[in-house]
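Peer 1: Sharing a structure below in structure tokens format, with a few things to ask.
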Amino acid sequence: MSGTIVARILHDNASYATFGELPRIGSHAPDFTLVNTKLQDVSLVSWSGRRKIVYVGLSIDNESCARTVIRFDEYAAGKDDIALLVVSCDLPFALKRFTAAHDLQVAEGLSAIRHSGFGENYGVTIMDGPLAGMFSPAVIVLDENNTIVHREHLEDISAEPDYGSAFRALGIAINE
């Protein structure tokens, strides 16, 4: 699945369209403005010089999204030059509560509530069905210059990403 472009996603045995496609490997990541758990606007410049794993999730209240955030946080722990950015349409309050409840050390919750454009620029907005307007799950890995070195758009909302491939794109081996 790594590096694939998915125009449709699965949820409850039905297929729904997503907007666009993930940015291509080798391209510069589109900038964004999102809201952190302190209710501050942040953009890619907030993590200048750091390598980034951007996990885009449906909602932290979704079981597979929650599991994915927790596992990414475990794998990224102790890697100081890695920023783990968790992007969803959840409220910043919910992201903060989730981070505290699961004692996350690395994950930084970012909400798209105040700024439109992220979903379209990253090709993750669900266009139809009961989840329209939310984000389909994806992983985008950026080097320290915000060049995309890995991408994975999950076809099934209940699936988890290939953690190993995401970290290998940054030259890091993990034990899954």
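Peer 1: Does Asp61 satisfy being surrounded by fewer than 17 Cβ atoms within 10 Å (Cβ to Cβ), among the acidic types (Asp, Glu) and within 15 Å of the chain's Cα centre (by Cα)? Even if it seems obvious, please write down each step before you answer.
Peer 2: On the way: surrounded by fewer than 17 Cβ atoms within 10 Å (Cβ to Cβ): yes; among the acidic types (Asp, Glu): yes; within 15 Å of the chain's Cα centre (by Cα): yes.
So Asp61 fits the description; yes.
Peer 1: The conditions are (1) among the polar types (S, T, N, Q); (2) in a loop (DSSP other than H, G, I, E, B); (3) surrounded by 15 or more Cβ atoms within 10 Å (Cβ to Cβ), and Gln105 fails exactly one of them. Which is it?
Peer 2: The one condition Gln105 does not meet is (3).
Peer 1: Can I ask one more? Is there a residue in the range 152-170 that is among the aromatic types (Phe, Trp, Tyr), in contact (Cβ under 8 Å) with a residue 12 or more places away in the chain and under 15 Å from Arg50 (Cβ atoms)?
Peer 2: Yes; the residues of the range 152-170 include at least one that is among the aromatic types (Phe, Trp, Tyr), in contact (Cβ under 8 Å) with a residue 12 or more places away in the chain and under 15 Å from Arg50 (Cβ atoms).
Peer 1: Scan the range 1-43 residue by residue and report those that are among the hydrophobic types (A, V, I, L, M, F, W, C) and at pLDDT 95 or above.
Peer 2: Those that are among the hydrophobic types (A, V, I, L, M, F, W, C) and at pLDDT 95 or above: Ile25, Ala29, Phe32, Leu34, Val35, Leu39, Val42.
Peer 1: For the condition modelled with pLDDT of 90 or more, among the hydrophobic types (A, V, I, L, M, F, W, C) and out of contact with any Ser or Thr (no Cβ under 7 Å at 6 or more places or on another chain), what is the one hit in Leu95, Leu104, Leu91?
Peer 2: Within the list Leu95, Leu104, Leu91, the selection yields Leu104.
Peer 1: Okay, next question. Please go through the range 39-77 and pick out each residue that is within 19 Å of Asp103 (Cβ to Cβ) and without any contact (Cβ under 8 Å) to a residue 24 or more places away in the chain.
Peer 2: The answer is Glu74, and nothing else.
Peer 1: Of the conditions (1) crowded, with 16+ Cβ neighbours inside 10 Å; (2) not in a strand (DSSP E or B), Ala100 fails just one. Which one is it?
Peer 2: The failed condition is (1).
Peer 1: Further, regarding this structure: Can you tell me which residue within the range 132-145, out of those that are touching a strand residue (DSSP E or B) at 6+ places or on another chain (Cβ under 6 Å) and not β-branched (Val, Ile, Thr), is surrounded by the most Cβ atoms within 10 Å (Cβ to Cβ)? It would help to see each step written out before you state the result.
Peer 2: Residues of the range 132-145 touching a strand residue (DSSP E or B) at 6+ places or on another chain (Cβ under 6 Å): 132, 134-136, 138-144.
Filter again for not β-branched (Val, Ile, Thr), leaving 132, 134-136, 138, 142-144.
Values: Ala132: 11, Met134: 21, Phe135: 25, Ser136: 29, Ala138: 22, Leu142: 25, Asp143: 16, Glu144: 13.
The qualifying residue surrounded by the most Cβ atoms within 10 Å (Cβ to Cβ) is Ser136.
Peer 1: Additional query: Looking at the range 159-176, which of its residues are in a loop (DSSP other than H, G, I, E, B) and modelled with pLDDT of 90 or more?
Peer 2: Correct list: Ala159, Glu160, Pro161, Asp162, Ala169, Leu170, Gly171, Ile172.
Peer 1: Does the range 109-120 contain at least one residue that is aliphatic (A, V, I, L, M) and under 19 Å from Asp12 (Cβ atoms)? Quick ask: steps written out before the conclusion?
Peer 2: We begin by selecting, within the range 109-120, every residue aliphatic (A, V, I, L, M); these are 110, 112-113.
Those still in the list that are under 19 Å from Asp12 (Cβ atoms) too: none.
No: zero hits.
Peer 1: Quickly run through the range 124-143 and pick out the residues that are part of a loop (DSSP other than H, G, I, E, B) and touching a His at 6+ places or on another chain (Cβ under 9 Å).
Peer 2: The answer is Val124, Gly129, Pro130, Leu131, Ser136, Pro137.
Peer 1: So, Tyr55, is that one within 22 Å of Phe167 (Cα to Cα) and assigned to a strand (DSSP E or B) or not? Steps first, answer last, please.
Peer 2: On the way: within 22 Å of Phe167 (Cα to Cα): yes; assigned to a strand (DSSP E or B): yes.
Yes; evaluated as a whole, the condition is true for this residue.
The values are calculated or read from the model by the stated rules, or taken from the named source; none is laboratory data. Here the structure is a predicted model, which means the values were calculated and not measured. Every residue, glycine as well, gets a Cβ built from its backbone with ideal geometry; the counts of neighbours run over all protein chains shown.
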